[in-house]
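Just below is one structure, and these are the notes that go with it.
Every read-out reported here was derived from the displayed coordinates using simple, explicitly stated rules and does not represent laboratory data. As the structure is a prediction and not an experimental result, all values here were calculated from the model. Cβ sites come from the backbone with ideal geometry, for glycine too, and all protein chains shown count toward neighbours.
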Amino acid sequence: MRTHLTFRRLGRVFLGVAMAACLTPTALLRAQTEVANTEAYRGAKRAAAATFLDRNRSQKERLDAARKLGYPDAATLPALLAIGTDRTQSDAIRWEALRRLRYDDKYLDAVLRILADPEDGGEEFDASLIEDLSRRTTFRLPVRDAQRIQGVLRKLLSDKRDKVRLYAYRSLVWNHDSLALNLLTESLRRGEGVPIPLPDAIELLDDDGSVNYIVTLRPYLNHNDPHVQARAARALAVDPQSRPKIAELAVSSNTPEEVRLNALRALASEDDQFAIYAIPLVENAQEDPKIRDAAMQNFVGRMNYNRVDPADQIRFAQAVNRLAAEEGPPTDDARKMRETAKQLHVYLRKAFPEVQKFYEKQ
């Protein structure tokens, strides 16, 4: 048996020597460089971890080192957890430590304990923890863990800190939490006491499915704040009753740009009559280049995923071709629009048979 093992070891040695002999000088140098780079990376990572974990170093030194930590090895994780839960450390240091932990029971216990304690952590730190927890949480959580997270976040819906409250609503609504949704819906229906900024509240109901909140959202289509009106236009494009108003906002030069851009984006996917007002916007040389560009890109997006009448396809392709050849104002927006039109016209002729046939006859 011992003789057999000896031959096997010698075989591996000879194989290694043979492979090395087969390497070209360039390949051998590359392999050596890769090994050296790997060792250098590991060394830099160890040095960064030592600096970050050193409580006697300045905060700036430690935060600079945190950028080089990479994915921490198993030996570093307990030290990171200790720093992340240490109230004597700054919030910035604690955040850098906690966000690098693996998602496990220790991470979850630490984060929920911090979030449940109103005296532990500032606004930015707690909001960042909520966002990180939400991002890393999957739908396959054990029921007990899901209930623990829900319980802590629900209490934060009434937190006095604006950002913490907003992030708690985001996390819960993204998981279709009934309490968070009911609180938002009722406050929007009353038109007062909305616990988070109006644009965010409308966006969250839209994320949950605006078709379920149409009556609640309709009044905000006439809101005097462009940010609110823009979000309402996005959310209500699914509502046939609201669509004419949204189209009116989209084509009017008196409408704030943010509202027009959001209206065009939403209507492109929802309105079968989109061509009626989108193509004239592309054709209008007096229109704002940003609006023409948005109408152009949203219309081709509709063509990619919806049936569009062949006549509208051809008219659109002609409008894009004329736009590409315009000698408009030398602004960045106008130049970008014309360059997009040139590329788009080539695409239209290749991707859409009706357009291709039309130009082949020319």
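For the reader, a short list of remarks on this structure follows.
- The ranking of 139, 125, 316, 274 from fewest to most other beta carbons within 10 Å of each one's beta carbon is 139, 125, 274, 316.
- Helix 178-190 and the longest principal axis of the Cα set of the chain meet at an angle near 30°.
- For the chain, size of Cβ-based charge dipole, Lys and Arg +1, Asp and Glu -1, in debye: 1940 debye
- Principal-axis tilt of helix 274-283 within the chain, Cα atoms, nearest 10 degrees: 90 degrees
- The alpha carbon centroids of segment 232-250 and segment 286-323 are separated by 19 Å.
- Global geometry of segment 234-277, whether rounded, prolate or oblate, following the gyration tensor of its Cα atoms and the 1.5 cut on a/c: prolate
- The long axis of helix 162-174 is offset from the longest Cα principal axis of the chain by roughly 80 degrees.
- Sorted by Cβ neighbour density within 10 Å, fewest at the top, the residues 136, 315: 136, 315
- Placing +1 on the Cβ of every Lys and Arg and -1 on the Cβ of every Asp and Glu, with nothing else charged, gives segment 267-329 a dipole about its Cα centre of roughly 160 debye.
- Taking percent of Cα pairs over 34 Å apart as calculated from this structure, the corresponding entry among (i) 39; (ii) 36; (iii) 56 is (iii).
- Radius ratio Rg over Rh of segment 176-271, counting only Cα atoms, Kirkwood formula for Rh: 0.96
- In the chain, helical runs assigned H by DSSP with n ≥ 4 each contribute -39500 (n - 2.57); averaged across all residues and rounded to the nearest 500, the mean residue ellipticity at 222 nm is -23000 deg cm²/dmol.
- Ranked 307, 42, 349, 94, criterion: other C-beta atoms within 10 Å, fewest first: 307, 42, 349, 94
- Segment 133-160 and segment 47-119: distance between their alpha carbon centers, rounded to Å: 21 Å
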